[in-house]
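The values are calculated or read from the model by the stated rules, or taken from the named source; none is laboratory data. Predicted model only: the values in this text are computed from it and were never measured. With ideal geometry, Cβ positions are generated from the backbone for all residues, glycine too; neighbour counts draw on all protein chains shown. Only protein heavy atoms, including side chains, enter the accessible area calculation; ligands, DNA and RNA are left aside. Shrake-Rupley method; radii C 1.70, N 1.55, O 1.52, S 1.80 Å.
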Amino acid sequence: MNINELITFKAVVEKKGFSTAAEFLDYSQSNVTKHIKKIEETVGFSLFDRGWKSTLTKEGELFYKEVDNLIDHWKSISAISEEIAAEQIGEIRIGIMEPLAKQLLPQIIHWLKTNRPKMNAFFEMGNTQRLTDLVQHNELDIAFVGENPNISPELEFKKISEDELVFIALKEHKLVREKTVEIEDVLNYPILYGDKTCLSHQRFMKVLQNNNLVSELKTHYICSNQLLIADILAEDQIGIVPRSVLKSSATNMATLPIGNKNFRLVYGSLIKKKEYNYLKETIQAIIALVTK
């Protein structure tokens, strides 16, 4: 039973006959008859006492009282189906690492509000490793993370922007007055940076390893939330953060002039490769939106 069959039944009743209903609907009379038989086969009872007047049976009368509700229900289902096909309803789950949150969140929320007003969005904040794991296990539809050359072949990373690590200290710090600061100089002071799952931590340790300086690392403090580092930095401590998380309002801070070392960071979108993805068009539009 489908909506066309229900409309045919309604027309037969209201136009008082199969032939008049066929003329009204621009159907052949055989099609009208076929539609009625289809409904009767589905519901398990006769709708009409067969004859010239097409009189409703008692069951047919009861069914006719509900036909408008049934038609409205089918129309509602059809409208919902169209919205699903156009990715207009449902939920999208998006992961964003801290350094990208301030930049990307307003853009994505505005785009969703404009282009997917009926779609719910769930945002997960975290570091690259955590968000990568969530995408891998289908708990996120897309994540914006740092580049990881060792990701699973099931995942696809696409570069959207670049950043760099910067070394910050209070303006009164001794190293702020230097024209050039080497990594060896930084290691003489307490260092405050993210935990080992943070991209900044991994990038810093990689530079130390490449320069055989890991053993020179002395006092260091771990803060899993990089956004707090500039706020809690004190005395002679040196903070290591992505440039993108620095607040322009932090007038008591200065960036140290580090010598020629590669502290480049690459950010990008991360999705799981799938043959079919319900949110494919929405995800592609969001990636295009934030790609520089």
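Quick notes on this one:
- Residue count for segment 131-146 satisfying the condition of being surrounded by 17 or more Cβ atoms within 10 Å (Cβ to Cβ) and either of a type in the set (K, R) or over 11 Å from I96 (Cα atoms) (or both): 3.
- Segment 74-103 - residue that is modelled with pLDDT under 95 and open to solvent by less than 30 Å² (accessible area, probe 1.4 Å) and, of those, nearest to I283 (Cα to Cα): E87
- The listed residues are D163, D195, and the only one of them that is in a loop (DSSP other than H, G, I, E, B) and either open to solvent by less than 50 Å² (accessible area, probe 1.4 Å) or in contact with a Lys or Arg (Cβ under 6 Å, 6 or more places away or on another chain) (or both) turns out to be D195.
- Listed conditions (1) hydrophobic (A, V, I, L, M, F, W, C); (2) open to solvent by less than 60 Å² (accessible area, probe 1.4 Å); (3) free of Cβ contacts under 8 Å to residues at least 60 places away in the same chain; (4) farther than 19 Å from N148 by Cα are all met by I222, apart from (2).
- Selection of segment 167-179 for residues being of a type outside the set (G, A, S) and either open to solvent by less than 80 Å² (accessible area, probe 1.4 Å) or free of Cβ contacts under 8 Å to residues at least 60 places away in the same chain (or both) yields F167, I168, L170, E172, H173, L175, V176, R177.
- Test for K34: is it open to solvent by 70 Å² or more (accessible area, probe 1.4 Å) and without any contact (Cβ under 8 Å) to a residue 12 or more places away in the chain: yes
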